[in-house]
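Worksheet: the structure to be examined is printed underneath.
We did not get these values from a lab; they are worked out from the coordinates using the rules stated. Just so it is clear, the structure is predicted and the values come from calculations on it, not from any experiment. Methodologically, a virtual Cβ is constructed for each residue, glycine included, from the backbone with ideal geometry; neighbour enumeration extends over all protein chains shown.
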Amino acid sequence: MKKYAYFPGCSLEKMALSYHKSSLETTRVLGVELEELEDWNCCGATTYFHLDEILANTLVARNLAIAEKQGLDFVAPCSACYKNAYFTNTYMKEDADLAEHINYALEADDLQLSGDLNVHHLIDVFANEVGPEEIKKKVTNPLKELRIAPYYGCQIVRPRKNGENVEDPQFFEELIRAMGANPIDFAYKTRCCGGSLLLTNRPAALDMIRHLLQNAQNSGADVIATACPLCQVNLEAYQTQVNEEFGTDFSTPVLYFTQLMGLALGIAPKKLGIGSELVSTLPVLSQFLKKEAR
Amino acid sequence: MADKPTFSQEISNLMYAAHGSPLNECIQCGTCSGSCPAVEFMDQTPRRLIGMINADLKEDVIDTNTYWVCASCYQCTVRCPSRIDIAGAMYAVKRYSMWNKTYADDLVGPVFSETFMKTIARSGRSYEPILAPTYIFGFGAKEFFQEVQGATKMMLKGRIPVLPPRIKRLKNFQNMIKRIIPMGDEE
C-alpha cells in the first residue's frame, strides 16, 4: 500500500470538510494511505509571500520537514498549499544559503529539511501514482452520461514545475473518463477563479467567476469538478451574488473531484460530504446517489 | 561607497529565494497583459508595470493598483517569452510597498495580508472569522449584506469553524518565526 504524509491545510478543517472526507474515503478504496501530518501549520496561501519571502518559505518548510521526519512523500489537496510546498522544497534543494538560513529557524522546533522528498498534489496521486486504469477496475457505479467540466484552476499547472503541459493538460479528463463520465471540452479550464481577490477586490473576482460559469454553461456542463477549496467556494458560494450582479441565472453544482470519484467507486454519498453544498446537486446526481454502498 | 541600488534592482532583490528574475530582459511584447484575466481592473497593465519598473519610476509603480489586483494565477509567468516571473515580480512590489507602507490607503489587500500573518503567528493556523473584519467594513451596504448572507448559509451547512484552531507546539513555532523576523512578544 502506498503511503503519503497528508497535509490537509486550513480550508479542509471546516469550509472544505467534504473534500477532506472524500479524499480519505476514495484513497482508502484505491489502496492508498494518507497519514495526516502531525501538528502542521498554515502554509500561508498567498499572503505570507506578500510580507516576507524567507519567512514564507520557512513556514512552508516546517510542514515539509515534518513529512521528512515521518519518512514519507508530501501530498496536499489544495492547489495553493501544493504550489507553495513544491517551490519551497525545490529552493531548499537548489540553494545552500537559503537552506542553511531556514534550517537554523527550523531548529527551534527540532526539525531539519533536506528537500529530498517528493511533493504531490492530491490529483496527481490519482492521475499518476494510481492511474486511470487502476481506478477503472474499481468503479462500481459509473457516472454514465454525466457531463463534467474539469476545472484545473491555476496553481496545479502553474507556474510550470516539471515540463508539464500548462496550456492544455489532459489528466483531469482522463480521471473523469475513468469514472465512466464525459469530460466536456472546457476552454476556460485553467483560467483563474479570482482566488483571494474575492475579499480584496470583489468586482474583479465576481467578473472572473462569471466568465467561468458562463463558459461551463455554454459548454454543456452538468457539474463542475474542482481540485482546490478556494476554487470550489468561489465558484459555488458566490453564484447567487454573480446572478444578482450580472442578471444571470447560474445554478451549476460544483463538487470536488474526489466526491464524484467516490460516487463512481460506490461510496455512500454521506461519507463523501455530499449534502453540504449551497447549490443543490440533486437535479444532476440523483440517479447516482445510492445508499447501499461501501 | 557602493552605489545605492536602483528601484528595479531593489525589486529583483526582493525575489531572492526564487533566484531573481530577468526583469530587464522584457521585450514589451504584451503577452502578459493579453493573458491576464484581471487586466481590465488594473490601472496599468502588467506590460506597462514592468516597463515602469525598468524605468525606475518608483512612485508611479507604487501608486498603481496593478500588483494588488494580481490574483497570482501565473498565466503571464508561464507564457513570458523572456522567462520573467511576472507574477513573482508582483509579489516583490507588494513586499516593497508593505515594508515601506507606501501603498494607496483604500486598498484592502495589504491590511488583509497583515492580519492574516498576525493570525498565523498567534495560532499557527488560519481562521476565517478573524479575517473578515479586515475587508467586510470596506464593502458597500449591498456587498456587506451579501457577504453576511453567504456566511450564514455556509454556517448552516456546517462550513464555518466555531473556535479558532491552534497548533500544539506553538511556542517552538513562534521561536522559529523570531529566528527569521525579530518581533516583540504578544500577550
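Derived value for segment A:2-122: Kirkwood hydrodynamic radius 14.4 Å. Basis is the mean of 1/r over every pair of different alpha-carbon atoms.
Taking the charge dipole of segment A:181-294 about its Cα centre, with +1 at Lys and Arg Cβ atoms and -1 at Asp and Glu Cβ atoms, the residue from A:Met208, A:Pro283, A:Ala187 reaching farthest to the positive side is A:Pro283. Hey, if you put +1 on the Cβ of every Lys and Arg and -1 on every Asp and Glu Cβ in segment B:7-100, which of B:Ala38, B:Met90, B:Cys80 ends up farthest toward the positive end of that dipole? Working it through, the farthest residue towards the positive pole turns out to be B:Cys80. Based on C-alpha pairs under 8 angstrom that are at least 6 apart in sequence, chain A has a relative contact order of 19 percent.
Based on Cβ point charges of +1 for Lys and Arg and -1 for Asp and Glu, what charge dipole magnitude is obtained for chain B about its Cα centre, in debye rounded to the nearest 20? Walk me through the numbers before you get to the answer.
Values: 22 positive and 19 negative charges, 230 e Å.
With Lys and Arg at +1 and Asp and Glu at -1, about 1100 debye.
Our summary gives segment B:7-100 a relative contact order of 35 percent, counting only alpha carbon pairs under 8 angstrom and 6 or more residues apart. Look at where the Cα atoms of segment A:236-294 and of segment A:142-175 average out, and the two centres are 19 Å apart.
Using a simple spin-label model with pseudo-atoms 7 Å out from Cα toward Cβ, B:Asp63 and A:Arg160 lie 3.7 nm apart.
The relative contact order of chain B, computed from alpha carbon pairs under 8 Å that lie at least 6 residues apart in sequence, is 17 percent. Of the residues B:His19, B:Tyr67, A:Gly44, the one whose Cα sits farthest toward the positive end of the charge dipole of the protein assembly as shown, with +1 on the Cβ of Lys and Arg and -1 on the Cβ of Asp and Glu, is A:Gly44.
Classify chain B: rounded, prolate or oblate, from the alpha-carbon gyration tensor (a ≥ b ≥ c, eigenvalue square roots; a/c under 1.5 rounded; otherwise prolate if a/b is larger than b/c)? Note, shape of chain B comes out oblate. A Förster radius of 35 Å, combined with the Cβ-Cβ distance separating B:Asp3 from B:Cys29, puts the computed FRET efficiency at roughly 0.70. Over the Cα atoms of chain A, the radius of gyration divided by the Kirkwood radius equals 0.97; this is the Rg/Rh ratio. Mean per-residue shielding of peptide A:201-207 is 6, counting Cβ atoms of other chains within 10 Å of each Cβ.
The A:Glu129 and B:Asp43 beta-carbon pair, evaluated with R₀ = 35 Å, returns a calculated FRET efficiency of approximately 0.20. Considering helices alone, the calculated mean residue ellipticity of the protein assembly as shown at 222 nm is -13500 deg cm²/dmol, with DSSP H runs of length four and up weighted by -39500 (n - 2.57) and normalised per residue.
According to the calculation over all Cα-Cα pairs in segment A:73-204, the P(r) per 10 Å bin from zero is 11, 31, 30, 19, 8, 1 %. Quote the Stokes-Einstein diffusion coefficient, in whole µm² s⁻¹, for segment B:7-100, based on the Kirkwood radius over alpha carbon pairs, a temperature of 4 °C and a viscosity of 1.567 mPa s. It diffuses with D of about 101 µm²/s by this estimate. Computed from label points 7 Å out along Cα-Cβ, the spacing between A:Glu33 and A:Ala268 is 2.5 nm.
In this calculation the C-beta distance from A:Glu94 to B:Asn13 is compared with R0 = 25 Å, giving a FRET efficiency of 0.90. For chain A, excluding the exposed loop sites themselves (GluC sites (Glu not before Pro), DSSP loop, at most 16 other Cβ atoms within 10 Å), the longest remaining stretch covers A:168-291.
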